[in-house]
Amino acid sequence: MSLPIGLGIPDAPPPVLAPRRKTRQLMVGNVGVGSDHPVSVQSMTTTKTHDINATLQQIAQLTASGCDIVRVACPKTVDAEALPIIAKKSPIPVIADIHFQPKYIFSAIEAGCAAVRVNPGNIKEFDGRVKEVAKAAGDAGIPIRIGVNAGSLDKRIMDKYGKATPEALVESAIWEAQLFEEHGYGDIAISVKHNDPVIMVEAYRQLAAKTDYPLHLGVTEAGPAFQGTIKSAVAFGWLLGSGIGDTIRVSLSADPVEEIKVGDRILQSLNLRQRKLEIVSCPSCGRAQVDVYKLADEVTAALDGMEYPLRVAVMGCVVNGPGEARDADIGVASGNGKGQIFVKGEVIKTVPESQIVQTLVEEAMRIAEEQGLEEIAGTKASIKVTK
């Protein structure tokens, strides 16, 4: 039986929690940053920048994972010397991350980097060099991100506030931005990062109310993958859900590819980026009559890489199973070692538990063929199913 399939592609933009805060607009290479552009996802390479091949290889991996903008460290002269090749060969815009030595700011600009991130709190005599930096960046037509971090606030600010409060972070950022504005330069993005999501959120709320600069969101030193994901999701969810934030980085003590995956999923969950594959699965309980954990993991692995907005429900019992499976594009409601397979709300067959995963994948492939969607057709359909 051939059924008409609609893959959940909305006729109108999906609803969001709040309209985006209006900002000035910047271009980081070919990526727009600001309220007129989609929220972008960033990460930072973990390689030694002067190891050009390793750095470009990691940038390629990040790009394949959906990274929009990449940041590279530049702590040494050999790193600065590598920037021209990296900036030229990178498939996505490169931001040079500068600390301590102001000379590397000019090296990054001359190298053709798409933007420069400066940390005024730890760059020697930075305020006295703002005029030079503003002219160099202005002549090159690139933006600068003023990155204020709780761990490296200017001594003057720390003496005033005693610690990195939201007010301290905001005052530091606005002070530095005004120095650039005094020299006629306004292509500025700002970040005010803290490891505590509550302090971080409040700092961005205050900053958003006082300026129109695009804001780069980040919970700095968020921690290992699990903890950092939770802290970032909580903070980003509050801010992005309120319309605050124009580009994000999820800072994890993990492979930077994981940062992209988490950031992408956060944006999808808030309807700020088109949803891709979504697995709806129950947490399991005493009512479950099949191994839900195993089924959900196998379905996720089998459909890994699917880019189109397909919702797949993997349900373990008859309480919520039929309803969730019926509302999904494809779904299974399981019980007594069997599963009812749903496609767009209709039961098309009942299969043994050992055939559930393969059947769901086959239906996804059939949908791909009917829709002529090469993105889905390329998804791997050959999997191992334990019988």
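The values are calculated or read from the model by the stated rules, or taken from the named source; none is laboratory data. Bear in mind the structure is a predicted one, so any value in this text is a computation, not a measurement. We place every Cβ from the backbone using ideal geometry, glycine too, and count neighbours over all the protein chains shown. Please note that ligands, DNA and RNA were not included when accessible areas were found on the heavy atoms of the full protein model with its side chains. Shrake-Rupley method; radii C 1.70, N 1.55, O 1.52, S 1.80 Å.
Key figures for this structure:
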item: With DNA, RNA and ligands ignored, accessible area of R156 (1.4 Å probe; Å², nearest 10); result: 100
item: Spatial separation of Cα centroids for segment 64-140 and segment 186-253, in angstrom; result: 21
item: Long-range amide H partners of R273 with built H, under 5 Å; result: Q268
item: Size of charge dipole - segment 25-270 - debye, nearest 20, with Cβ of Lys, Arg +1 and Asp, Glu -1, no other charges; result: 320
item: For I188, solvent-accessible area (1.4 Å; no DNA, RNA or ligand), Å²; result: 0
item: Estimated [θ] at 222 nm from DSSP helical runs (n ≥ 4, -39500 (n - 2.57)) normalised by residues in the chain, nearest 500; result: -12500 deg cm²/dmol
item: Separation of the E307 and A18 label points, Cα + 7 Å toward Cβ, nm; result: 3.3
item: Extension gain, K76 back to N122 (0.36 nm per residue minus Cα-Cα distance, nm); result: 15.0 nm
item: Cα Rg, Dmax (largest Cα-Cα span) when computed across segment 90-219, Å; result: 14.0, 44
item: Candidate residues F126, F100, F226: accessible-area rank, largest first, probe 1.4 Å; result: F226, F100, F126
item: Solvent accessible area, Å² - E369, 1.4 Å probe, full protein context; result: 150
item: Segment T46-R366, extension gain: residue separation times 0.36 nm, minus the distance between their alpha carbons; result: 111.1 nm
item: Residue-wise HN-Hα coupling along segment 338-349, computed from phi with Karplus coefficients 6.51, -1.76, 1.60 (Hz; x: Gly, Pro); result: 9, x, 7, 9, 10, 10, 6, x, 10, 6, 9, 5
item: Accessible-area order (highest first, 1.4 angstrom probe) of the listed residues L277, L17; result: L17, L277
item: D_trans [Stokes-Einstein, Kirkwood Rh over alpha-carbon pairs] for segment 278-368, 4 °C, 1.567 mPa s, µm² s⁻¹; result: 104
